[in-house]
């Protein structure tokens, strides 16, 4: 465990940039953007379940997109830019990405735009 990660698994510098320092992986480069296996996505830092694969959809935005998180899994706060809503792991505070509403891409009208590097996939 490194000093910038007191809450869980050891992170690579790239993971730390996103999870701790709220960076963003380049669009179209994430492991889970075009990945459709059944299972659960968990927080890379603490392992807490975040999203079921059934809530994942193809938003064609360059990052994995989900229209529903697991109950009490994700915290939402206004981003430092005052424009977007940041999503974080409710258990450890790891930065996941941002949530958008009103795009009418799914019946829930919600898109969680998540960095692949902030998650780990656990197959069914």
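Tabulated results
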| read-out | value |
| --- | --- |
| Kirkwood hydrodynamic radius of the range 48-121, Cα pairs, Å | 12.4 |
| The chain, Rg to Rh (Cα coordinates; Rh as Kirkwood inverse mean 1/r) | 0.93 |
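Read-outs throughout are calculated quantities, based only on the coordinates presented, and are distinct from any laboratory measurement. Small disclaimer: the values here were computed from a predicted structure and weren't measured.
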